[in-house]
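> This is the structure I have questions about; it appears just below.
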Amino acid sequence: MSYLALYRVHRPQRFEEVVGQDKIVKALQNALREDRLSHAYLFAGPRGTGKTSIAKIVAKAVNCESPKEGEPCNQCASCRDINNGTFMDVVEIDAASNRGIDEMRDLREKVRILPAQGKRKVYIIDEVHMLTTEAFNALLKTLEEPPSHVIFILATTEPQRIPATIKSRCQIYYFRRLTLEEIAGRLKKVSEAYGMDWEEDALYLVARRANGGLRDALSIMDQVYAYKGERITKQDVLDVLGVVDDVFLAHLLDAVLSRDMKRVIEMLGQALNEGKEAQQLARETVFYLRDLLLYKHLGDKADFYVVTGDNVHFLEEQKGKVDQDALLKALRIMMNSVERLKFSEGNRFLLEMAFLEMMDILSSSPGKLVEGEDEMTGDKKPASGKSKTPVKEKARDEGEKVLWQKILAGVKEKKIPTHALLSQGKFIGIKDDVIYIGFKKGYRFHKERMEERGNREILEEVLAKIFKKPLEIQFIFLDDDQYNDIMVKKAIEYFGEDVVQIRD
Ligand SMILES: Nc1ncnc2c1ncn2[C@@H]1O[C@H](COP(=O)(O)OP(=O)(O)OP(=O)(O)O)[C@@H](O)[C@H]1O
Ligand SMILES: [Mg+2]
Ligand SMILES: [Zn+2]
């Protein structure tokens with residue numbers, strides 16, 4: 001299968017062929033028709049949204065021998081030469097590689113010379129934000145006194161980096177990201193033109209991935225075609241992009257929300273074994289969380305990034321189980337892990353830790369503390385049915401503080417020395433009828449005394465009374481000097497230094 005470079009083949013040649021950007025197209029076409037173009041334009045907007053394409057159409061339209069309604073004919077000598085890049089009066093400058101003052105001074109001289117071939121000279125300066133300050137100043141001089149036979153079209157993806165003095169000389173058009181529908185529609189046409197047979201879902205998946213840029217969309221289409229041939233399913237696209245599908249992500253989050261750690265680790269392992277990248281998995285999770293967050297606010301009006309039509313019901317089921325604060329925190333955790341995973345080798349571990357951390361956050365919102373604690377904290381039971389007894393995270397959490405105080409008070413009532421030992425410990429959390437209590441390394445003595453039968457039994461009695469059922473006790477070591485890395489710390493908080501068994 002060969003590479004088609006669809007995005008180059010499918011550069012729009014006429015205004016009519018441009019997808020989206022309607023207002024810009026209309027304004028330019030009118031100006032062309034009425035012969036009142038400005039001398040300088042600034043096209044600002046994201047990658048692959050049509051800036052260069054439209055600049056070239058403008059260049060053709062002003063030089064075309066028989067333009068119609070502001071459209072170039074694409075057949076006359078001028079149009080053909082411009083299309084081939086051999087037209088002397090249309091000059092494309094890539095500011096990323098010609099950043100200097102010399103080029104701009106040179107330009108200042110050259111613009112004075114009358115057009116050799118056409119009616120007007122058109123200078124298209126791409127990536128104009130890359131110019132140096134001196135180069136900008138030189139360009140400014142040219143823009144201040146533009147010869148009437150010259151049109152400048154500056155293009156940039158970073159308009160905020162263009163000096164105000166330059167901007168004020170230009171008519172500015174802001175290109176917008178193309179909508180999902182626009183991109184999918186274009187992809188469909190291109191696929192048909194090549195006799196390809198794409199599943200609708202596959203097209204939409206590509207369109208989503210392109211994030212509003214048509215060039216990227218066409219490049220992805222190319223890649224998938226080169227790899228899979230003419231008949232393309234959604235699964236093919238997922239394979240080529242190395243991403244997991246939204247159903248997988250939904251189930252993964254389900255597992256997280258129900259604190260099913262075993263399942264989470266299993267699912268991550270499965271995806272990694274299938275060859276998905278840890279970083280990609282973290283990134284997909286970010287997208288999914290983002291979709292959930294949007295869905296919470298906008299419902300069906302949200303524009304989803306990874307969740308596809310039929311699978312919105314997952315969001316509906318999940319939205320009530322997390323509050324916005326926790327969701328934002330979880331998003332941050334995952335975004336950080338995407339960053340870390342860029343550089344990391346031990347990526348499986350990092351990914352797992354990020355998920356565990358997220359599990360904490362997402363299930364530690366008030367009301368999700370401990371089963372059977374209703375009367376104590378006044379909170380409701382966890383919303384997620386499966387979740388039995390969420391573990392820690394927010395020891396800062398008021399509910400947990402209250403709980404720990406209550407345990408300590410109960411112990412104190414029974415035996416003061418036991419209380420003295422236990423009060424040096426830290427409540428970590430409860431999971432599956434096991435309570436975890438941590439001691440800092442310096443408190444080995446306290447931990448060991450608490451592990452002795454007498455003290456342990458006192459604590460067991462108090463716990464049974466509070467929770468109305470027996471709890472197993474695990475004392476674990478905390479360490480804050482040796483392990484500064486928060487992730488490792490987390491792991492220790494979870495598993496304990498002595499590898500605490502967490503049963504599912
Ligand atoms: N609005 C659009 N309509 C039709 N095709 C488009 C559009 N935008 C981008 N494309 C496709 O993407 C390719 C690249 O577009 P173009 O060079 O115009 O983007 P750009 O905005 O200049 O991007 P960059 O900022 O990366 O230079 C085109 O050849 C075309 O195939
Ligand atoms: Mg461009
Ligand atoms: Zn023409």
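> Compute the separation of the alpha-carbon centres of segment 249-323 and segment 32-75 and state it in Å as a whole number.
Taking the Cα centre of segment 32-75 as reference, the centre of segment 249-323 is 44 Å away.
> Let me ask another. Find, among the trypsin sites (Lys or Arg not before Pro) in segment 426-469, those assigned to loop by DSSP (not H, G, I, E, B) with at most 12 other beta-carbon atoms within 10 angstrom. Intermediate values should be presented prior to the final figure.
Working: sites: K426, K431, K440, K441, R444, K447, R449, R453, R456, K465, K468; in loops: K468.
Passing both the DSSP loop test and the Cβ count: K468.
> While we're on this one: E144 to E230: extension gain in nm, 0.36 nm per residue of separation minus the Cα-Cα distance? Display every interim value, and only then the final one.
Working: separation 86, 0.36 × 86 = 30.96 nm, distance 5.30 nm.
Gain on stretching E144 to E230: 25.7 nm.
> In percent, how large is the relative contact order of segment 246-362, given Cα pairs closer than 8 Å and 6 or more residues apart?
Values: 107 pairs, mean separation 41.2, N = 117.
Reported relative contact order: 35 percent.
> Let me know the volume per residue of the alpha-carbon convex hull for segment 21-174, in Å³. Display every interim value, and only then the final one.
Numbers: hull volume 15.9 nm³, N = 154.
Convex hull of Cα atoms, per residue: 103 Å³.
> Here's a follow-up. So what is log10(I(q)/I(0)) for the chain at q = 0.07 1/Å, when the Debye sum runs over its Cα atoms only?
Log10 I(q)/I(0), no solvent term: -0.57.
> Given the convex hull over the Cα atoms of segment 1-83, what projected area results after averaging over all orientations, in nm²?
Details: hull surface 25.4 nm².
Here the figure is 6.3 nm², rounded to one decimal.
> Right, here's the next one. Over all directions, the average projected area of the alpha-carbon convex hull for segment 180-241 comes to how many nm²? Don't skip to the end; give the middle numbers.
Numbers: hull surface 13.1 nm².
Mean projected area of the Cα convex hull: 3.3 nm².
> Counting DSSP beta bridges in the chain, what percent are antiparallel, to the nearest 5? Mind dumping the intermediate values first?
Details: 6 of 34 bridges.
Among the beta bridges of the chain, antiparallel pairing accounts for roughly 20 percent.
> Take N74 and E448, extend 7 Å from each Cα along the Cα→Cβ direction, and tell me the distance between the two endpoints in nm.
Reported label-point gap for N74 and E448 is 8.5 nm.
> Which GluC sites (Glu not before Pro) from segment 208-285 combine a DSSP loop assignment with at most 10 other Cβ atoms within 10 Å? Let's see the in-between values first.
Details: sites: E230, E266, E274, E277, E284; in loops: E230, E274, E277.
Those satisfying the criteria are E274.
> Taking the Cα-to-Cβ direction at K262 and at I473 and moving 7 Å from each Cα, how far apart do the two end points lie in nm?
Going from the K262 label point to the I473 one covers 2.7 nm.
> Over every pair of different alpha-carbon atoms in segment 146-276, take the mean of 1/r and invert it; report that Kirkwood radius in Å. Let's see the in-between values first.
Values: mean 1/r = 0.0552 Å⁻¹.
One over the average 1/r among Cα pairs gives 18.1 Å for segment 146-276.
> Also, quick follow-up: If each residue of separation counts as 0.36 nm, what is the full-extension length gain between K441 and K414 once their alpha-carbon separation is subtracted? Don't skip to the end; give the middle numbers.
Working: separation 27, 0.36 × 27 = 9.72 nm, distance 2.66 nm.
Value of the extension gain: 7.1 nm.
> Here's a follow-up. How large is the Kirkwood hydrodynamic radius of segment 144-213, counting all unique pairs of alpha carbons, in Å?
Numbers: mean 1/r = 0.0653 Å⁻¹.
It is 15.3 Å.
> Same structure again: When only DSSP loop residues count, what GluC sites (Glu not before Pro) in segment 56-162 have their Cβ near at most 15 other Cβ atoms within 10 Å? Could you put the intermediate results ahead of the total?
Numbers: sites: E65, E69, E92, E103, E109, E127, E134, E144; in loops: E65, E69, E127.
Filter output for segment 56-162: E65, E69.
> Another question, if that's okay. Tell me the label-point distance for the pair E92, L298, using the 7 Å Cα-to-Cβ offset, in nm and rounded to one decimal.
3.4
> Lysine pairs, Cα distance under 18 Å, 8 or more residues apart or cross-chain: how many in segment 246-362?
Details: K276/K342; K296/K319; K296/K321; K296/K329; K301/K319; K319/K329; K321/K329.
Taking the Cα cut-off of 18 Å, the pair count is 7.
> Once the convex hull of the C-alpha atoms of segment 246-362 is built, how many Å³ does it hold per residue, rounded to a whole number?
Working: hull volume 10.3 nm³, N = 117.
Here the figure is 88 Å³ per residue.
Where a number appears in this text, it was derived from the coordinates with a stated rule and is not lab data. Please read these numbers as outputs of a predicted model, since none were measured by experiment. In this analysis, Cβ positions are derived from the backbone assuming ideal geometry, glycine residues included, and neighbour counts consider all displayed protein chains.
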